[in-house]
Amino acid sequence: MPNNNAIADKMRKPETLSIDETIGNDSAILSGQLQILFEKLFSPNARKDLRRFSSTEVARLLGVTDSYVRHLAAQEETVSSEKSASGRRTFSLEEINAIRRHLGKTKPSYLPGRRPGDHLQVIAVTNFKGGSGKTTTAIHVAQYLALRGYRVLAVDLDPQASMSAMLGFQPEFDVNDNETLYGAIRYDEHQRPVEEVVRQTYFAGLDLIPGNLELHEFEHDTPRALADNERTDTDMFFMRVGNALSLLDDHYDVVVIDCPPTLGFLTLSALCAATSVLITVHPQMLDVASMNQFLAMTSDLLAVVKEAGGNLQYDWMRYLVTRYEANDGPQAQIVAFLRSLFNERVLTSMMVKSTAVSDAGLSKQTIYEAGRETMHRQTYDRAVEAMDGVNGEVEQLIRAAWGRA
Ligand SMILES: Nc1ncnc2c1ncn2[C@@H]1O[C@H](COP(=O)(O)OP(=O)(O)OP(=O)(O)O)[C@@H](O)[C@H]1O
Ligand SMILES: [Mg+2]
């Protein structure tokens, strides 16, 4: 065992490396080990796959009866499915979408997406408080809508790229230089068409523009571009995300943007691109105080953007209570306080804290991906019910923006 003098000596001795070198070395060591770990956990051959859905789940997604789904599935020339040895039918999301198209021929309400004249919905999920549930919310909204037949694009604007990882793209290994939205919004000659940074995911109807650390470059480039009097393009920083997304307008019904936990140029540009804003808030006093600062700063900055010609029209803005614990008295008080201030602008449903969400997250899954059989049934059902409640309200807001009941 080292004696105390030896430890004290070591602590007095100056480090031979400078802090940047030490951090750089640690990063290299960690990166190598992480790669080994990820290869073990998620081997390149084991690409993420979406599970199949039971006829009961399909019935719920389509809003028809279970027996009608089984009746359709029996007509094998119209609807394909898989039949287990015990006779249970299961459906992939592609097969569910095929049923939708089949039913939509006679009843268009089975096809919920945009109709002529409906504008693309761009939902920014934001708050600069870290850990307020932005990514969990963004990915569950995106998957909920894809499961219901909307064409969805998820955009990961967070350099930490947790949403990309959840959707099967490991930011350090699967996303190279110029393969994030940065590639399409950068100011220099390396800018590329936005379609080139869109990826299909294993989740039918859900595409992704992944993120990684390079997104952060936009925060450095923008002040330089603003200071450069020689620039002739009129594409200001706050128009860049919106302009890029507008080129994809025809391909999607809804875009869901997971914003970084900062209030920088990326977030501001995302807010200008947004037709609606979802602000996630964990009901604790410090979080609410932090959100207050976020609101004040955002309002000031957006006022400047508006002055410079930014378009800040939007359809709706809502607060969403996240990681809510019903048996926590102070949390209930804070929720009541928020509701008394903002009324219907706080969503009625809340993202309830649940081990079903965090457990599924451990294997990079949402609760929509994890099957009911993979966890305690009651815990799973309660979590799905809460999540569907939140996402159902978001869907209603989208439909209302399209002028539908
Ligand atoms: N409803 C929930 N039940 C249980 N755990 C949750 C729930 N929502 C989020 N979490 C957990 O809380 C943590 C933070 O959530 P999340 O990553 O969604 O926040 P964030 O706002 O995106 O964070 P960041 O600011 O770092 O991007 C995660 O570990 C997530 O698994
Ligand atoms: Mg996040």
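Yes/no per residue for (1) within 16 Å of ligand 2 (Cβ to nearest atom); (2) in a strand (DSSP E or B); (3) open to solvent by 20 Å² or more (accessible area, probe 1.4 Å):
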{"site": "PRO223", "(1), (2), (3)": "no, no, yes"}
{"site": "ARG231", "(1), (2), (3)": "no, no, yes"}
{"site": "THR262", "(1), (2), (3)": "yes, no, yes"}
{"site": "THR267", "(1), (2), (3)": "yes, no, no"}
{"site": "PHE294", "(1), (2), (3)": "yes, no, no"}
{"site": "SER299", "(1), (2), (3)": "no, no, yes"}
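For segment 154-170, the set of residues classified as away from ligand 1 (no atom under 13 Å from the Cβ) and over 13 Å from LEU206 (Cα atoms) consists of PHE169, GLN170, listed by residue number.
The residues listed here are VAL304, VAL288; of these, the one that is in a helix (DSSP H, G or I), in the same structural domain as ALA184 (by TED's automatic domain parsing) and more than 29 Å from ILE334 (Cβ to Cβ) is VAL304. Scanning segment 190-213 for residues that are more than 18 Å from the chain's Cα centre (by Cα) and in contact (Cβ under 8 Å) with a residue 24 or more places away in the chain returns PRO193, VAL194, GLU195.
The criterion of at least 2 residues that are more than 16 Å from ligand 2 (Cβ to nearest atom) and crowded, with 24+ Cβ neighbours inside 10 Å is met, among helices (runs of 4 or more DSSP H) falling completely within segment 112-217, by 134-147, 182-185.
Across segment 349-372, a minimum of one residue is classified as farther than 22 Å from ARG52 by Cα, buried (at least 18 other Cβ atoms within 10 Å of the Cβ) and touching a Pro at 6+ places or on another chain (Cβ under 9 Å). Residues that are closer than 15 Å to GLY392 by Cα and within 16 Å of ligand 2 (Cβ to nearest atom) within segment 343-366 comprise just one, MET351.
Can you find a residue in segment 99-114 that is touching a strand residue (DSSP E or B) at 6+ places or on another chain (Cβ under 9 Å), without any contact (Cβ under 8 Å) to a residue 40 or more places away in the chain and more than 16 Å from ligand 1 (Cβ to nearest atom)? No, the conditions are met nowhere in segment 99-114. Could you list all residues from segment 348-405 that are part of a helix (DSSP H, G or I) and among the aromatic types (Phe, Trp, Tyr)? If the condition is that a residue be part of a helix (DSSP H, G or I) and among the aromatic types (Phe, Trp, Tyr), then TYR380 is the only one that fits.
TYR252 satisfies every condition listed in (1) of a type in the set (Ser, Thr, Tyr); (2) within 16 Å of ILE209 (Cβ to Cβ); (3) within 16 Å of ligand 2 (Cβ to nearest atom) except (3). Hey, any hits in segment 84-101 for a residue that's surrounded by 11 or more Cβ atoms within 10 Å (Cβ to Cβ) and assigned to a loop (DSSP other than H, G, I, E, B)? Within segment 84-101 (the criterion being surrounded by 11 or more Cβ atoms within 10 Å (Cβ to Cβ) and assigned to a loop (DSSP other than H, G, I, E, B)), the answer is yes, since at least one residue qualifies.
In segment 269-285, of all residues being over 15 Å from the mean Cα position of the chain (by Cα), in contact (Cβ under 8 Å) with a residue 60 or more places away in the chain and part of a loop (DSSP other than H, G, I, E, B), the one that is surrounded by the most Cβ atoms within 10 Å (Cβ to Cβ) corresponds to HIS282. A single member of GLN331, GLN396, GLN378 is more than 25 Å from THR201 (Cα to Cα) and either touching a Cys at 6+ places or on another chain (Cβ under 9 Å) or open to solvent by less than 20 Å² (accessible area, probe 1.4 Å) (or both), and it is GLN331.
The values are calculated or read from the model by the stated rules, or taken from the named source; none is laboratory data. The structure presented is a predicted model; accordingly, all values stated were derived computationally and were not measured. Every residue, glycine as well, gets a Cβ built from its backbone with ideal geometry; the counts of neighbours run over all protein chains shown. Ligands, DNA and RNA are stripped out before the accessible areas are found, and what is left, the full protein with its side chains, is counted by its heavy atoms. Shrake-Rupley method; radii C 1.70, N 1.55, O 1.52, S 1.80 Å.
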